[in-house]
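Beneath this line is the structure, given in C-alpha cells, with notes to follow.
The values are calculated or read from the model by the stated rules, or taken from the named source; none is laboratory data. Note that the structure is a prediction, hence the values are computed from the model and not measured. Every residue, glycine among them, receives a Cβ derived from its backbone with ideal geometry; neighbour counts consider all protein chains shown.
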Amino acid sequence: MSKPEGHGTIVASAGVTDDPTYRGVAPPLWASDTFEWDGPEDKPDYDYSRTVSPNRDLLARAIAELEGGKHCAVTNSGQSAALLALLQLEPGATVLAPHDCYGGTYRLLQGLERKGLVRPLFVDQNDDDMFAMALQQDVRLVWLESPSNPLLRLVPIAQRCAQAKSVGALTICDNTLLTPCRQQPLKLGADLVLHSTTKAINGHNDLFGGALISNDDGLAEQIAWWANAAGLSGSAYDSWQTLRGMRTLPLRVARQEETALKLAQWLEGHPQVAAVHYPGLESFPQRALVEAQQSGPGFMVSFRVNGSVALFAKAPELITLASSLGGFATLVCTPASMTHRGMPPEAQAEAGITPDLIRMSVGLEDADDLIGDLSRGFAAL
C-alpha cells in the first residue's frame, strides 16, 4: 500500500496493524527494557530499548511521514534533540544561530561554548548582509527558527538553506511552533528538523519528548548512534503516549489557529495593547513569507501591554501563567522573566524581548471565553 500523504490519515493510521499478538487496533505499550535472543550470535531486531523500541519506532515513522522525511530519532526531550543535532559537529564548530532564538537553545549553545564544544554566532537572520558576512566564518551549522519564539518573526527558510549549502554548512530548523501541519522545512531545503514533542505534537502537557528528522541516510545513522551512546532516546511509555496524543494534532492545530486569529484581531484593537505579533494578521509585516512557506499562521500570539505584565498575567481565571506551549489549555508567559531569563539583559534587548511582552499559546477553549478572560487581565492594569 502506498504511503498516505494527508496529515489526518497519517496520524489516524499510524501503528493500527502493529499488534502481532492480539491484532488490537491501538498499538500496545511494549514496556520491556530488554528482549530475548534466540542465540548468542542471533541478534534480534529488538534487543535493548535504549537502542531500539517498538513504541519509539512507531512514533518516529509517523513524525517522519508528517514532515515528509525518511528518518526520525525520538528523544527524551526537545533539548535532547537539540543536543543530538549538535553532537554531529566537530569540537569547536561554528554555529550560526538567530539572535532571538528560544531561550533554551541560547542557554545550550552558551553552555557548550564554555566547554569549547561549539562557537555560536548570534545574528539577525533577516539581515541579508549580516547573514552573508557571518557565513564566511567557517560556519558548520545554521540554526533556524521560523517563526521565532516569542516574537514570531519569520526567516526565509529556502533562501537561508541554499546559502548554507553554498558554504558546506548543515541546516536545522526548529519547527515546534508550527508543527508539520503548517510547515515542512525539509521540503524547503533543511537538512534537519527539530521538534519538542512535549509541545503541540503530544498536545496534552503531560510528558517530555523531542524529535530530529532527516532525509540523509548517513546523517540519520550517526544520529541514531549518538542517541543510543549518549542515552538521549525517548522512553517506550512517552513514545506510546505521544503517538496517542498526536492522533488529534491536525484537528487541534486547526481549532487553536482559528481561535488565535480571533484573539489577535481583538488584541490589535485594544487600547491597552501596544503591539500584536501574529502571522495571521493583515498587518503582519511578513505576509508574503507566510504565504510562501507556511500553510497557516499557527496558534502562538505575542503582544505588548501598556502596564504591568505581572498584574495582567495574574488576573485571568481560565488562562494559566506557565512556560510551555502547544497544549490543550491556553497559557501565557512573560518571556523576559520566564522562558528567556537565561539571556543577559543586553541580549534580550537586542532580540526585542522587552519586559512588557507577553507570549500566549492558544488552547482549545472557546474564543469568547478567552476574550472575556483577557479582559480581566486588562482590567487589572
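Regarding the stretch 53-62, can at least one residue be identified that is in a loop (DSSP other than H, G, I, E, B) and either under 30 Å from S302 (Cα atoms) or of a type outside the set (D, E, K, R) (or both)?
Taking the stretch 53-62 and keeping what is in a loop (DSSP other than H, G, I, E, B), we get 53.
Still in the running and either under 30 Å from S302 (Cα atoms) or of a type outside the set (D, E, K, R) (or both): 53.
Yes, the conditions are met somewhere in the stretch 53-62.
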In the stretch 351-369, residue modelled with the lowest pLDDT [restricted to those that are over 17 Å from G298 (Cα atoms) and touching a Leu at 6+ places or on another chain (Cβ under 7 Å)]: G352
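Collect the residues in the stretch 314-334 that are of a type outside the set (D, E) and over 25 Å from P180 (Cβ atoms), keeping them in residue-number order. Write out each step before concluding.
Here is the first cut: in the stretch 314-334, the residues of a type outside the set (D, E) are 314-316, 318-334.
Listed by number, the residues that qualify are K314, A315, P316, L318, I319, T320, L321, V332, T334.
Residues checked against (1) modelled with pLDDT of 95 or more; (2) of a type outside the set (S, T, N, Q); (3) over 18 Å from G189 (Cα atoms):
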position: A62; (1), (2), (3): yes, yes, yes
position: T94; (1), (2), (3): yes, no, yes
position: T105; (1), (2), (3): yes, no, yes
position: P120; (1), (2), (3): yes, yes, yes
position: D124; (1), (2), (3): yes, yes, yes
position: A132; (1), (2), (3): yes, yes, no
If we keep just the residues of the stretch 150-188 that are of a type in the set (S, T, Y) and assigned to a loop (DSSP other than H, G, I, E, B), which is nearest to T339 (Cα to Cα)? T176
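Please determine, by comparing only the residues of the stretch 281-307 that are part of a loop (DSSP other than H, G, I, E, B) and touching an Asp or Glu at 6+ places or on another chain (Cβ under 9 Å), which one is surrounded by the fewest Cβ atoms within 10 Å (Cβ to Cβ).
Of all residues in the stretch 281-307, those part of a loop (DSSP other than H, G, I, E, B) come to 281-286, 294-299, 306-307.
Imposing the further condition that a residue be touching an Asp or Glu at 6+ places or on another chain (Cβ under 9 Å) reduces the set to 281, 283, 296-299, 306-307.
Working: L281: 18, S283: 11, G296: 19, P297: 22, G298: 28, F299: 31, N306: 13, G307: 14.
Residue satisfying both the conditions and the ranking: S283.
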Flagged pairs (Cβ under 9 angstrom, 6 or more apart or on separate chains; first in the stretch 24-44, at negative phi; second basic (K, R)) are A26/R244; D33/R50; W37/K43
